[in-house]
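The structure appears below as C-alpha cells.
Nothing in this text is a laboratory measurement; each read-out follows from the coordinates by a stated rule. Fair warning: this is a prediction, and the values are worked out from it, not measured in the lab. Don't worry about glycine lacking a Cβ; one is built from the backbone with ideal geometry, like all the others, and counts go over all protein chains shown.
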Amino acid sequence: MDTIRVGLIGLGSMAQAHVRELEKLPRFRIAAICDVQEAALAEWGERLSVDRTHRHADYRGLIADEEVDAVVSITPNVLHADIMAVCLAANKPFLSEKPFTRTFAEAAELLARYDAHPVSALIGFGYRYTPAFRFAREMLAEGRIGAVRSFSMQYLQGWGAAVYNVPYVWRFDKAVTGTGTLGDLGAHMIDLAHYLFGPFEELSARLQTLIPERKSLSSDEMLEVEVDDFASFQARMTGGAAGIFQTSRNCIGSGNQLEVSIYGDLGTLHASTLAQEQVIWIRLDPDTGELSEQKLQVPSRARRALWEDFAEMLSGESADGLPDFRAGYENQKVLEAIVRSHEAKRTVALAELSAVGGKEE
Ligand code: NAI
Ligand code: SOE
C-alpha cells in the first residue's frame, strides 16, 4: 500500500495536532473529513483540498467511503465506542482518541466485537511517544536504577481552576465525557504506567469534584458537575512496584504537566512533558555508595511518532512492539475500578475485580 488515505472524524482542537502530524508523513493523505458543524467541514475541506463528495456530516458515510483506507476518530468521548464498532464492522483500521470509551460496559462490548473481528487499531495515548518517557523506559530496561520499587506520577493542568470561570463544556458533562479528569488525564497516566511498568495488579482510588457547579454555555444557569476534577489512586503493579497517581485540572500554573519520578534500588529517574528532551538520572555507585546526578539528553532513537506505529500497522510492515488495542481495554478496566471504588466509597482490588467480576472490598 503506497499512499494511506485517511478519513478524519471530528475537526475540533485535537484535529489540529493530528493534521500537523499527518502532514509530516508523506505516506498519509487526508482523503475524507467528517463533522456535524458545516462551517468546520467547509473550512477544513478547503484547507485540506478534500473533494466535496468526501466531506461527510455522518461518520458512517466516512467510514464506508471507498476513498478511506483508515479512520482517525477525534470526537468527544460519547461517540468513541460507536465509531470504533462501525469501523470494526466495516473492517477499517482506526486510530481512536483516548479515553478508550466512557464506561466499562462500552469497553467490554467493544472488546467482544473486536475479538470477533479484529482489525489494526490504536488508541491515541500519544504521551508514550514523549522522548523523555521512551528514554526512561529504555533506561529501566538497561537496569540503570536497578529494580523499581516505587514511582509517583502526576498529570496537572490549570484551566479548570475557579478563577477562570470555565463554563460547562463537554468535558464536565457526564453523558458526553463519562468520567472527568480521570478519563481525560488519568487515562494517559494509566497508559504511561502500563508502558513503563507493565500491568496493574491492585488499586485503590478516590475521585472528587472540587468545583461542584459551572455556568451553562447557553444561559446564566449554574449546572451541577457530576464528574471528577480531581482523582488520586494508588496501585501495586504486577512487577511489585508501588505507584502513587494524582491528576487535577485546577492546578494554577500547570500547563500540560505530566511527569513521573521512578525510585529503584540503585537510583532515581525523573521525566516530564515540561522537559521532553531530557531525563534526570540520580545514580548510586554500588561500590562506593557515591551519589551523582546527571541531566541526560534523550538520544534521537527515542523519538517516534504515534503515526509511525499507525502506518506500520496499516502496511503490516512491522508488527513487533506495536501498542495494541488491548492497551485501551486495560485502561478501561483500571478506570472502571476507580469509578466503582468512588461510587462504592470503598477501595477495590483490581485483581479481584477482574477475577471475580466485580467483588469489592
Ligand atoms: P473538540 O470539542 O475541540 O472537537 C470535537 C469535534 O467533534 C468538534 O468539531 C465537533 O463538532 C465534532 N463532532 C461532534 N459530534 C460529532 C459527530 N457526531 N460526527 C462528527 N464530528 C462530531 O474536542 P477535542 O478537544 O478535539 O477532543 C476530541 C477527542 O480527542 C476527545 O476524545 C479527547 O479526549 C481527545 N483528545 C486527545 C488528546 C491527546 O493528547 N491524545 C488531546 C486532546 C483531545
Ligand atoms: C484536556 O485539556 C486535554 O486536551 C486532554 O483531553 C488531552 O488528552 C491532553 O493531551 C491535553 O489536555
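A few comments on the model shown:
- Local net charge near G243, Cβ-Cβ under 14 Å (Lys/Arg +1, Asp/Glu -1): -2
- Cα long-axis angle, helix 306-315 against the chain (0 to 90 degrees, to the nearest 10): 60 degrees
- The relative contact order of segment 100-212 comes to 32 percent, based on Cα pairs under 8 Å that sit 6 or more residues apart.
- Projecting the Cα atoms of L284, W170, F28 onto the dipole axis of the chain, where Lys and Arg carry +1 and Asp and Glu carry -1 at the beta carbon, places L284 farthest toward the positive end.
- Highest average packing first - 184-191, 64-71, 169-176, Cβ atoms within 10 Å: 184-191, 64-71, 169-176
- When you restrict to C-alpha pairs under 8 Å that are six or more residues apart and normalise by the size of the chain, the relative contact order lands at 17 percent.
- Full extension of the chain between E67 and V163 yields a length gain of 29.9 nm, computed as 0.36 nm times the residue separation minus the alpha carbon distance.
- Here the 3J(HN,Hα) profile of segment 224-241, calculated from phi with Karplus coefficients 6.51, -1.76 and 1.60 at θ = phi - 60°, is 5, 8, 8, 10, 6, 10, 9, 9, 9, 8, 10, 8, 10, 8, 4, x, x, 5 Hz, Gly and Pro shown as x.
- Cut-off under 5 Å, modelled amide H: who pairs with E201 long-range: R236, M237, T238
- The charge dipole of segment 184-311, taken about its Cα centre with unit charges on the Cβ atoms of Lys, Arg (+1), Asp and Glu (-1) only, comes to about 320 debye.
- Dipole axis of the chain (+1 Lys, Arg; -1 Asp, Glu on Cβ), positive-most option in V148, I4, P93: V148
- R283-N256 pseudo-label distance in nm [points 7 Å out on the Cα-to-Cβ vector]: 3.2 nm
- Cross-link table K174/K215; K98/K174; K215/K333; K24/K92; K295/K333, entries beyond 25 Å C-alpha to C-alpha: K215/K333; K295/K333
- FRET efficiency estimate (nearest 0.05) - Cβ-Cβ, E226 to Q37, R0 30 angstrom: 0.70
- Considering only alpha-carbon pairs that sit under 8 angstrom and 6 or more positions apart, the relative contact order computed for segment 246-287 is 30 percent.
- Our estimate of slack between A116 and R149, defined as 0.36 nm per intervening residue step minus the Cα-Cα distance, is 8.0 nm.
- Residues K24 and S292, FRET efficiency given R0 of 56 Å [Cβ-Cβ distance, rounded to 0.05]: 0.90
- Residues whose amide H comes within less than 5 Å of that of V225, counting only those at least five positions distant or on another chain, are E213, R214 (H built at 1.01 Å from N in the peptide plane).
- Per-residue Karplus couplings for segment 15-20, computed as 6.51 cos²θ - 1.76 cosθ + 1.60 with θ equal to phi - 60°, are listed in order as 4, 4, 5, 5, 5, 4 Hz, Gly and Pro entered as x.
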